[in-house]
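The values are calculated or read from the model by the stated rules, or taken from the named source; none is laboratory data. This is a predicted model, so every value here is computed, not measured. As a convention, Cβ positions derive from the backbone with ideal geometry for all residues, glycine included, and neighbour counts pool all protein chains shown. Side chains included, ligands, DNA and RNA excluded: accessible areas come from the protein's heavy atoms. Shrake-Rupley method; radii C 1.70, N 1.55, O 1.52, S 1.80 Å.
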Amino acid sequence: MTAKRGPIPRQGILDIAPYVPGTSALPGAQPVIKLSSNETPFGPSPAAVEAYLAAASTLSLYPDGSARPVREALAKLYGLDAGRIVCGAGSDELLNLIATAYLGPGDEAIYSEHGFLVYKIAILARGAKPVVAPESDLTANVDAILARVTSATRVVFIANPNNPTGTYLAFDEVKRLREGLPERVLLVLDAAYAEYVRANDYEAGIELVATTHNTVMTRTFSKIYGLASLRLGWVYCPAEVASVLNRIRGPFNVSGPAIAAGVAALKDQASVQRSATHNETWRARMAEALSALGLGVTPSAANFLLLHFPKGNGHSAQEADTFLHGRRIILRRVTEYGFPDALRLTIGTEDDNNAVLEALRAFMGAKGGARK
Ligand SMILES: Cc1ncc(COP(=O)(O)O)c(C=O)c1O
């Protein structure tokens, strides 16, 4: 009797290490402080929750197939052409649709050394070859990316700012990258954390998408808008790219409640600004206080900090993780991003942040009270 053989996936699929999200719960019933997934500590706008609940009355109906209300609201907010916006179930779906449309066996796609891991998965899933460009100072290096372009390169993925480093490329560098890439190469600017960036030399991607025919910008409602569970993202792209993505996306890929909540969330820009200001203040305070404890802190433009722990001597990242769990605090291990000695900390509420500072002070054996 011959051994039973099941279906064989296409080449590349079994090379994929499944994406492992950060720890989100701990044993026991007591509450946890979860600062492991770059979620906003403030939740969504109350108006978004209200719109979501109201959408319960139409759950039996298919939603608008192109998420038009969200595209129109985005177009109004940013002064864009709604026809060049495509929405998806999170920006993850859009990154994967881009890979489906532009990558296949024999093609190459480049991302940077500590780049967001979804790129590698999306590339491998299409049977294409991932090409990794080394970074400088934990920041994408334009020359290193350009040096890896071959005749097979089809796509370059850049998270700007990047997760998990928090570092960003200034607009001049992004432009230099675009100018150095061949015309046939699609540049994907993943600006999931754009709303948090308050740097004069940063541009999320709108200008490059507007002025080139081979650049796209992905965005999400999962971070500052606090709608991670609803799965809503968008891409602003040339009309030809929108036409391509609209051919292959699911006909109703964004749910009605997500559309309703997304539109309401966009109207509440006061909440967005409050969150960004809180983040800016606390990111600086946390970076200073954690550096004073002897931790390495990568300068971040986003809503999280990459914390580098000493190797060994009882103060390693792994031991810190265990210690923090003992205090019911969850940060993100980032070993699979090439950082076995680091943890990523999402900026939380004032109380959460102070709890983390106090815990890490105790862990590092330092003295001093929490800062306000
Ligand atoms: C850089 C980056 N891009 C994209 C995403 C995906 O976000 P979503 O699929 O929730 O829109 C994340 C989420 O962590 C991210 O960090």
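For the range 187-212, the set of residues classified as more than 16 Å from the ligand (Cβ to nearest atom), of a type outside the set (Val, Ile, Thr) and crowded, with 18+ Cβ neighbours inside 10 Å consists of Glu203, Leu208, listed by residue number. Selection over the range 125-153 of residues that are assigned to a loop (DSSP other than H, G, I, E, B) and touching a helix residue (DSSP H, G or I) at 6+ places or on another chain (Cβ under 6 Å) gives a count of 2. Step by step: first the residues of the range 80-91, then only those that are away from the ligand (no atom under 16 Å from the Cβ) and not acidic (Asp, Glu), then the one that is surrounded by the most Cβ atoms within 10 Å (Cβ to Cβ). Which residue is that? Applying the filter and picking the extreme gives Arg84.
When Gly312 is tested against (1) modelled with pLDDT of 95 or more; (2) more than 27 Å from Pro31 (Cβ to Cβ); (3) small (Gly, Ala, Ser), exactly one condition is not met: (1). If you check Glu113, Glu173, Glu183 for being touching a residue at least 12 places away in the same chain (Cβ under 8 Å), surrounded by fewer than 20 Cβ atoms within 10 Å (Cβ to Cβ), within 16 Å of the ligand (Cβ to nearest atom) and of a type in the set (Asp, Glu), only one passes: Glu113.
Counting residues in the range 100-110 that are open to solvent by 20 Å² or more (accessible area, probe 1.4 Å), part of a strand (DSSP E or B) and not acidic (Asp, Glu) gives zero. Any residue at all in the range 92-99 that's within 12 Å of the ligand (Cβ to nearest atom), free of Cβ contacts under 8 Å to residues at least 60 places away in the same chain and not aliphatic (A, V, I, L, M)? So far as the range 92-99 goes, yes, one or more of its residues are within 12 Å of the ligand (Cβ to nearest atom), free of Cβ contacts under 8 Å to residues at least 60 places away in the same chain and not aliphatic (A, V, I, L, M). From the list Asn253, Asn279, the one residue that fits, being of a type in the set (S, T, N, Q), more than 26 Å from Glu207 (Cα to Cα) and surrounded by 15 or more Cβ atoms within 10 Å (Cβ to Cβ), is Asn253. Residue count for the range 287-304 satisfying the condition of being under 18 Å from Ala359 (Cβ atoms), within 23 Å of the chain's Cα centre (by Cα) and crowded, with 22+ Cβ neighbours inside 10 Å: 1.
Given the structure, is Leu77 among the aliphatic types (A, V, I, L, M), away from the ligand (no atom under 14 Å from the Cβ) and open to solvent by 40 Å² or more (accessible area, probe 1.4 Å)? Against the criterion (among the aliphatic types (A, V, I, L, M), away from the ligand (no atom under 14 Å from the Cβ) and open to solvent by 40 Å² or more (accessible area, probe 1.4 Å)), Leu77 qualifies. Of the residues making up the range 25-40, those that are in contact with a Lys or Arg (Cβ under 9 Å, 6 or more places away or on another chain) and surrounded by 12 or more Cβ atoms within 10 Å (Cβ to Cβ) are Leu26, Val32, Ile33, Leu35, Ser36, Ser37, Asn38, Glu39, Thr40. Only one entry of Asp64, Asp15, Asp107, Asp81 meets the criterion of being in contact with a Ser or Thr (Cβ under 9 Å, 6 or more places away or on another chain) and charged (D, E, K, R), and that entry is Asp107. Yes or no: Thr218 near the ligand (Cβ under 10 Å from one of its atoms), polar (S, T, N, Q) and in contact (Cβ under 8 Å) with a residue 12 or more places away in the chain? Answer is yes for this residue.
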